[in-house]
Amino acid sequence: MSPFWWMVYRIGSWWILKYMFKILFRLQVKGIENLPPKGGVLLASNHSSYLDPPLIMSFSPRRVIFMAKKELFSIPVLGTVISQSAIPIIRNKPDRQALKKALELLEKGEVLCIFPEGTRTKDGSLGSAHLGIGFIVAHTTAPVLPVAISGTFNILHQKRVPRIKVNIGKPIAFENKSQKDKKLLYQEIASQVMNAIRELLKEID
């Protein structure tokens, strides 16, 4: 990231977005101390609104890189902005190039955020995870932090302004990452990640 875009990120995320969410939506974040001050980290969050990525950027003391659908990068202006802090990924089919890039960023010590469900929820409920999260977790030694977001779905579906709450969990302990059946391993990891997010959501509610 160039000095110019780093300045844009800092001003946009840690000033404008931070205070927007705090003032308009009374943002409450729990567990931010679980985010290590340095080193690669994988954030795995539920996804119910377009607001989720800027929300995560606003409360993280470190720069966050996302995995975003490839179509967004072709939108004028928006695509240029997104490309500074996101990896394009082709949805609904294995995208080995994007997954490889994700692992490289974690190896370099970056904070990477992925939405395991692959897309926004249609009704506010927690969906099932794609195997991509399982692949990344199986091939990285970076800690995996589950993140639960509550309130962003309601912003677009209720007249009153809801309160946004975020619950960041401790690193997930994966007991076995060396099974021979890779697909089964990825499924088990994906399920474990979603279960961790589900438990964090219960604490919020």
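Remarks
- Some residue of the stretch 143-153 being in a loop (DSSP other than H, G, I, E, B), surrounded by 21 or more Cβ atoms within 10 Å (Cβ to Cβ) and under 14 Å from the mean Cα position of the chain (by Cα): no
Here's the yes/no breakdown for (1) among the hydrophobic types (A, V, I, L, M, F, W, C); (2) free of Cβ contacts under 8 Å to residues at least 12 places away in the same chain:
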| site | (1), (2) |
| --- | --- |
| GLY40 | no, no |
| SER48 | no, no |
| ASP52 | no, no |
| ARG62 | no, no |
| ILE65 | yes, no |
| LYS70 | no, no |
| PHE73 | yes, no |
| GLY79 | no, yes |
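- For the stretch 131-142, the candidate set comprises residues that are in contact with a helix residue (DSSP H, G or I) (Cβ under 7 Å, 6 or more places away or on another chain) and part of a loop (DSSP other than H, G, I, E, B); within that set, the residue that is surrounded by the most Cβ atoms within 10 Å (Cβ to Cβ) is ALA142.
- Every residue from the stretch 78-102 that is part of a helix (DSSP H, G or I), surrounded by 13 or more Cβ atoms within 10 Å (Cβ to Cβ) and of a type in the set (Val, Ile, Thr): VAL81, ILE82
- Qualifying residue in the stretch 108-124 (condition: of a type outside the set (Asp, Glu), part of a loop (DSSP other than H, G, I, E, B), free of Cβ contacts under 8 Å to residues at least 60 places away in the same chain and surrounded by fewer than 19 Cβ atoms within 10 Å (Cβ to Cβ)): yes
- Residue pairs whose Cβ atoms lie under 9 Å apart, sitting 6 or more positions apart in sequence or on different chains, and linking a residue in the stretch 8-22 that is of a type in the set (Lys, Arg) to a partner that is assigned to a helix (DSSP H, G or I), are LYS18/MET57; LYS18/SER58; LYS18/PHE59; LYS22/SER58.
- Index of the failed condition, ILE16 passing every other in (1) surrounded by 15 or more Cβ atoms within 10 Å (Cβ to Cβ); (2) over 20 Å from LEU105 (Cα atoms); (3) over 13 Å from the mean Cα position of the chain (by Cα): (1)
- If the condition is being of a type in the set (Lys, Arg) and either over 17 Å from the mean Cα position of the chain (by Cα) or over 16 Å from ILE168 (Cβ atoms) (or both), then the stretch 19-34 contributes LYS22, ARG26.
- Whichever residue in the stretch 16-35 is in a strand (DSSP E or B) and not hydrophobic (A, V, I, L, M, F, W, C) and, among such residues, is farthest from SER58 (Cα to Cα): LYS30
- Residue among GLU71, GLU33 that alone is under 27 Å from MET194 (Cβ atoms), among the charged types (D, E, K, R) and at pLDDT below 90: GLU71
- Looking across the stretch 154-190, the residues that are surrounded by fewer than 18 Cβ atoms within 10 Å (Cβ to Cβ), assigned to a helix (DSSP H, G or I) and of a type in the set (A, V, I, L, M) come down to ILE155, LEU184.
- Across the stretch 62-77, the qualifying residues are those that are in contact with a helix residue (DSSP H, G or I) (Cβ under 9 Å, 6 or more places away or on another chain) and assigned to a strand (DSSP E or B), and the one among them that is nearest to THR119 (Cα to Cα) is ALA68.
- Filtered by the rule that a residue be under 21 Å from PHE115 (Cα atoms) and of a type outside the set (Gly, Ala, Ser), the stretch 19-32 gives PHE21, LEU27, GLN28, VAL29, LYS30, ILE32.
- Some residue of the stretch 85-107 being touching a Ser or Thr at 6+ places or on another chain (Cβ under 7 Å) and either at positive phi or modelled with pLDDT of 95 or more (or both): yes
The values are calculated or read from the model by the stated rules, or taken from the named source; none is laboratory data. Predicted, not measured: the structure shown is a model, and the values here were computed from it. Every residue, glycine among them, receives a Cβ derived from its backbone with ideal geometry; neighbour counts consider all protein chains shown.
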